[in-house]
Amino acid sequence: MPYKTEIQENIAVFTIDHPPTNSINSEVLKGLEEIIDRVNAEEELKGLILTGTGRIFSSGFDLVTFTTFEGPEHIVQWFKYDEEVMYKLFTCSKPVVAAINGHASAGGLIVAQACDYRMMVNDPKAKVGMPEIKLGMSLSPSHCEIMRFGLETQRNWKEVIYKGERITAPVALEMGIIDELVDAADLLEKAKAKVREYIDTANRPFMKIKADYRKFAARQIREAIDTCDFTPFVNTFTNPEVIEQLKASLARMQSKKSST
């Protein structure tokens, strides 16, 4: 499987394990949905940590999938399912901490922005970014609202979404895109400590506070999903220029992997 799920000290740890870049395919989405449902349902579970293997958190959604859709129905089906999983992640009732172990790009950064707290490895080579605009792609309803909520300011939106540039971890910290820089050896333990800090209080008030804080954004996401016209996504992923851009990006990733 392209992911691992563990329970450590009553905290769920979901690790994307999909070499070479920990891309997010339908299997990863399914695993993520299952662990979110479990965290919500099982009272003894305190929260959820999301991380990746190696030195990459996630490069985003799987380009192999995006370049091999079997037709319009497949495209719509894929995005509808992705939307529902992202909504579940955003509205998870308990603390969700992103333990960003390296690069977080595109869908990988969207997943991180849906979390309640983002700690990133203190590595000057680690970067975050949203390259969609350079690849001829827009954002889905849930992705747009999650990024709007997570980035918080118009300045950050313009820097991250409109420019499509990658940003180093220290700059991401200054911008508030991430909350903390952590040594790699301490990343998981500090993520667990953050979950406990949020949830281990009498009556677990964090859960209601989180729900209240996010409810307006959650409503916007829900409405956007329910009223979405998926035609633009069909047009995007049947556009020859976009497909060529995605294939070229995929080839670069595979080339880097084969040379290491």
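Any idea which residue in the range 1-28 is nearest to the chain's Cα centre (by Cα), counting only those that are more than 14 Å from A104 (Cα to Cα) and of a type in the set (S, T, N, Q)?
N25
Across the range 36-57, what is the number of residues that are over 17 Å from C115 (Cβ atoms) and polar (S, T, N, Q)?
Of the residues in that region, 1 qualify.
Please go through the range 18-37 and pick out each residue that is of a type outside the set (S, T, N, Q), over 18 Å from F90 (Cα atoms) and touching a helix residue (DSSP H, G or I) at 6+ places or on another chain (Cβ under 9 Å).
Hits for the range 18-37 are H18, P19, P20.
Which ones in the range 133-147 are without any contact (Cβ under 8 Å) to a residue 60 or more places away in the chain and either over 13 Å from R166 (Cβ atoms) or under 14 Å from the mean Cα position of the chain (by Cα) (or both)?
If the condition is that a residue be without any contact (Cβ under 8 Å) to a residue 60 or more places away in the chain and either over 13 Å from R166 (Cβ atoms) or under 14 Å from the mean Cα position of the chain (by Cα) (or both), then L139, H143, M147 are the ones that fit.
Scan (1) surrounded by fewer than 16 Cβ atoms within 10 Å (Cβ to Cβ); (2) in contact with a Gly (Cβ under 7 Å, 6 or more places away or on another chain) for the single condition V195 breaks and write down its number.
Of (1) surrounded by fewer than 16 Cβ atoms within 10 Å (Cβ to Cβ); (2) in contact with a Gly (Cβ under 7 Å, 6 or more places away or on another chain), only one is false for V195: (1).
Return only the number of the condition from (1) in contact with a helix residue (DSSP H, G or I) (Cβ under 9 Å, 6 or more places away or on another chain); (2) over 20 Å from A98 (Cα atoms); (3) of a type in the set (V, I, T) that T201 does not satisfy.
The one condition T201 does not meet is (1).
Here is a check on your reading of the model: is K94 touching an Asp or Glu at 6+ places or on another chain (Cβ under 7 Å) and among the charged types (D, E, K, R)?
Numbers: touching an Asp or Glu at 6+ places or on another chain (Cβ under 7 Å): no; among the charged types (D, E, K, R): yes.
So K94 fails the test.
Within the range 25-32, identify whether any single residue is among the β-branched types (V, I, T), touching a His at 6+ places or on another chain (Cβ under 8 Å) and touching a residue at least 12 places away in the same chain (Cβ under 8 Å), and answer yes or no.
yes
With respect to the numbered conditions (1) of a type in the set (D, E, K, R); (2) modelled with pLDDT of 95 or more; (3) under 16 Å from G136 (Cα atoms), which one is the sole condition not fulfilled by D212?
(3) is the only condition that D212 fails.
With the requirement that a residue be free of Cβ contacts under 8 Å to residues at least 24 places away in the same chain, in a helix (DSSP H, G or I) and not charged (D, E, K, R), what does the range 69-119 give you?
Result: H74, Q77.
Name the single residue, out of those in the range 120-130 being free of Cβ contacts under 8 Å to residues at least 60 places away in the same chain and of a type outside the set (K, R), that is surrounded by the most Cβ atoms within 10 Å (Cβ to Cβ).
Only one residue tops the list, namely M130.
Give me the residue from the range 215-257 that is among the hydroxyl-bearing types (S, T, Y) and over 22 Å from the mean Cα position of the chain (by Cα) and, out of that set, nearest to P141 (Cα to Cα).
Of everything passing the filter in the range 215-257, T227 is nearest to P141 (Cα to Cα).
Sort through E145, E84 and tell me the only one that's within 26 Å of N40 (Cβ to Cβ), crowded, with 23+ Cβ neighbours inside 10 Å and out of contact with any strand residue (DSSP E or B) (no Cβ under 9 Å at 6 or more places or on another chain).
It is E145.
Among what's in the range 162-179 and is more than 17 Å from the chain's Cα centre (by Cα) and of a type in the set (D, E), pick the residue that is nearest to V97 (Cα to Cα).
In this case the residue turns out to be E174.
The values are calculated or read from the model by the stated rules, or taken from the named source; none is laboratory data. In this text, all values refer to a predicted model and were calculated from it rather than measured experimentally. Cβ sites come from the backbone with ideal geometry, for glycine too, and all protein chains shown count toward neighbours.
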